[in-house]
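Everything on this sheet refers to the single structure shown next.
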Amino acid sequence: MKQAAAIKVRTTLQRKAWWRAFLNREAITAYLFILPAMLGFAVFYLYPTLRGLQISTTDWNLLSDPDFVGLENYQTMFQDPVFWNALRVSGIYVLLNIPVQTIVGLFLAVAMDRLTRSMLVRAALIVPYLISNVIAAMVWLWLLDPFLGIVNSALTTLGFSYQSFFGTPELALPTIAGVNIWRHMGLTALLFYAGLQGIPRSVYEAAMIDGSDEITTFWRITLPLLRPVTVFVLVTSIVGSFQIFDTIAVATGGGPVDATRALVFYIYDNAFKFFKMGYASAMAITLFAILIFFSIVQLRLFRADQSDLS
C-alpha cells in the first residue's frame, strides 16, 4: 500500500517537473524564437501537404466542386503506363545525375583544399548555381543547337557529325543531367569544402607521421570524416533531382517520345493541362512517400546520427 502511494507521489512530482520545464522562462523564450519558423512550416508545408492528400481522394477539374472518389486515383495511377514510365525516367535521371555530381564536387573540394583556397575560385564555382534553371537551360539549348550551336560547330571542325543533344531519345536525358551537373557541382563542391575545414589538421599530421600516402589518407580519413556532409549532399540532391522540372520544360517539353517526361513534369501536365487535380495530387503524394522512404534509408544506411570525430 505504501509502495503504491510512493509510486503515485513520484509520478505526480515527475509530471509537475515536466510541466515546469515546459513552461519555464527559458523554454517560453525558445518557443517564441521558433514560432515564426513553425508558422511558416505549418502554412507553406504542413497545410499544403494535408490539403494535397485530401485533394488526391477527389475528382476535381478546378472549375466544378470536387467529387470524393476515395482511392480511385491511386488505383488509376498504378495502372497507368505513362506514370510508370515517368517514374522510370526520374529514376534514370537520378542515377545519371547524383553519382557524377557528387564525385566531381568532392574532387573539386579536395583540389581546392589541397591546392588553393582562393575566394575567387570559390566564387567562380558557385556562379552556375546562382543562374536560374530556366536561364541555364536556355543557354545550353543555344550552345547545343544542332546547326547553330558552338558545341556542334566544334564537333564538325574535329570531323564528327552534328548531334541533336536535346532531340534524340538516347541523348536527351543524359544531356539534361549534364546541364544540371554543371549547374550544381559548384554548390556540392563548396559543401564538401566546408566539411573538409571541420576535419582537424592534427589527424592528417598523425597519418603523415605513420607513413600514410595521399590515397590511403583520403579513403581512410577524409571520406569517413565527411560522412555527415555526404549524407546531407546525397539526401538534398536526390530529393531535388526527383523534382526536376524547369530544365525539361524549357529544353525538351517532355520529349522526344516521352524520353524526358519525368514524374514532376507528368504531374504538371495532369494538373494544369488536363485539369485532373485529384490524379495529379495522388501522384504528388506518392512521390512524397518515395522521397521520405529514400531519405530515411540514406540516413540509416550512413548512420547520420553518429560522428567519427567523437
>> Checking the conditions here, which among F160, F166 is aromatic (F, W, Y), assigned to a loop (DSSP other than H, G, I, E, B), at pLDDT 90 or above and assigned by TED's automatic domain parsing to the domain that holds A259?
In response: F166
> Does any residue in segment 187-201 that is in the same structural domain as A111 (by TED's automatic domain parsing) and closer than 11 Å to L226 by Cβ come within less than 6 Å, Cβ to Cβ, of a residue that is acidic (D, E) and surrounded by fewer than 18 Cβ atoms within 10 Å (Cβ to Cβ) six or more places away or on a different chain, and which pairs are these?
Replying inline: L196/D113
> Do you know which residues across segment 146-161 are touching a helix residue (DSSP H, G or I) at 6+ places or on another chain (Cβ under 7 Å) and surrounded by 13 or more Cβ atoms within 10 Å (Cβ to Cβ)?
Replying inline: P146, G149, V151
>> Taking the criterion of being modelled with pLDDT under 90, of a type in the set (K, R) and in a loop (DSSP other than H, G, I, E, B), would at least one residue in segment 117-128 satisfy it?
In response: yes
> Does A123 fit the bill of being closer than 17 Å to H184 by Cα and either in contact with a Gly (Cβ under 8 Å, 6 or more places away or on another chain) or without any contact (Cβ under 8 Å) to a residue 12 or more places away in the chain (or both)?
Replying inline: yes
> For residues in segment 51-80 being part of a strand (DSSP E or B) and touching a residue at least 24 places away in the same chain (Cβ under 8 Å), which is surrounded by the most Cβ atoms within 10 Å (Cβ to Cβ)?
Replying inline: T58
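The values are calculated or read from the model by the stated rules, or taken from the named source; none is laboratory data. Predicted model, so just to flag it, every value in this text is computed and none were measured. Here the Cβ is made from the backbone with ideal geometry for all residues, glycine too, and neighbour counts use every protein chain on show.
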